[in-house]
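So the structure is just underneath, and the comments pick up after that.
The values are calculated or read from the model by the stated rules, or taken from the named source; none is laboratory data. Because the structure is predicted, anything quoted here is derived from the model rather than measured. Cβ atoms come from the backbone with ideal geometry, glycine included; neighbour counts cover every protein chain shown.
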Amino acid sequence: MIVTRPFSPTDIPNVMSIVKDSLGESYPPSLYLTIHNLWPEGFLMAVEDGRPVGFVASVTIGSKIARVLMLAVLRTNRRRYLGRTLMRTLYEKCTLSGVDTVVLEVRKSNTEAMTFYKREGFETFGEVKNFYSNGEDAWKMMKVLGT
């Protein structure tokens with residue numbers, strides 16, 4: 001059974017492993033602590049049988065907007081609604097915090113993620129050139145909660 005729970009600093013090794021597996025990236029442990037310190041309610045873990053298998057990390061921008069910085073699920077655990085579960089839990093946290101809009105960036109080449117976010121009700125509203133470390137561009141996407 002999958003449960004969602006808040007991120008804890010003890011999750012950092014698992015989060016780093018999930019990021020490497022899912023996103024092919026490596027970030028310093030301090031990044032995850034910074035994200036957590038900025039908005040603890042927006043950093044959520046998906047756990048199965050006591051083992052973290054995914055997470056969503058977000059921060060608030062002002063009082064009404066949350067920005068998803070990362071959503072990642074282990075490749076072996078995809079297509080099991082974990083991303084949806086994490087995002088729906090995030091929407092609840094947003095609503096409780098007075099946040100009414102969620103924004104994010106997604107690689108232009110990541111059609112699977114684009115399809116997922118569109119299914120979640122996100123719309124494209126712009127682009128960012130050279131957004132990723134490899135120079136790839138990103139689409140900016142937004143979802144207004146409660147619509």
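Miscellaneous remarks
Okay, residues lined up against (1) hydroxyl-bearing (Ser, Thr, Tyr); (2) within 12 Å of the chain's Cα centre (by Cα); (3) loosely packed, with under 14 Cβ neighbours inside 10 Å; (4) under 23 Å from Asn14 (Cβ atoms):
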| position | (1), (2), (3), (4) |
| --- | --- |
| Arg78 | no, no, no, yes |
| Gly83 | no, yes, no, yes |
| Thr89 | yes, yes, no, yes |
| Gly135 | no, no, yes, no |
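- Qualifying residue in the range 107-114 (condition: surrounded by fewer than 18 Cβ atoms within 10 Å (Cβ to Cβ) and over 30 Å from Gly146 (Cβ atoms)): yes
- Boolean, Thr111 is touching a strand residue (DSSP E or B) at 6+ places or on another chain (Cβ under 7 Å) and among the hydroxyl-bearing types (Ser, Thr, Tyr): no
- The range 39-76 - residue that is closer than 23 Å to Glu92 by Cα and of a type in the set (Ser, Thr, Tyr) and, of those, surrounded by the fewest Cβ atoms within 10 Å (Cβ to Cβ): Ser63
- Among the candidates Phe116, Phe125, residue that is aromatic (Phe, Trp, Tyr) and more than 19 Å from Val56 (Cα to Cα): Phe125
- Matching strands (runs of 3 or more DSSP E) fully within the range 59-147 where at least 3 residues are among the hydrophobic types (A, V, I, L, M, F, W, C) and within 25 Å of Phe7 (Cα to Cα): 65-73, 101-107, 138-144
- Qualifying position, being aromatic (Phe, Trp, Tyr) and out of contact with any Leu (no Cβ under 9 Å at 6 or more places or on another chain), among Tyr81, Tyr117: Tyr81
- Test: residue in the range 55-64 that is without any contact (Cβ under 8 Å) to a residue 24 or more places away in the chain and under 23 Å from Tyr132 (Cα atoms): no
- Every residue from the range 113-127 that is among the aromatic types (Phe, Trp, Tyr) and closer than 18 Å to Met70 by Cβ: Phe116, Tyr117, Phe122
- Among the residues making up the range 19-38, those that are at pLDDT below 95 and surrounded by 18 or more Cβ atoms within 10 Å (Cβ to Cβ) are Val19, Ser22.
- Close pairs (7 angstrom Cβ cut-off, 6 or more residues apart or separate chains): free of Cβ contacts under 8 Å to residues at least 12 places away in the same chain in the range 123-147, surrounded by 13 or more Cβ atoms within 10 Å (Cβ to Cβ) anywhere: Lys129/Asp137; Asn130/Asp137
- Within the range 21-52, the residues that satisfy the criterion of being over 13 Å from the mean Cα position of the chain (by Cα) and either of a type in the set (Lys, Arg) or assigned to a strand (DSSP E or B) (or both) are Val47, Glu48, Arg51, Pro52.
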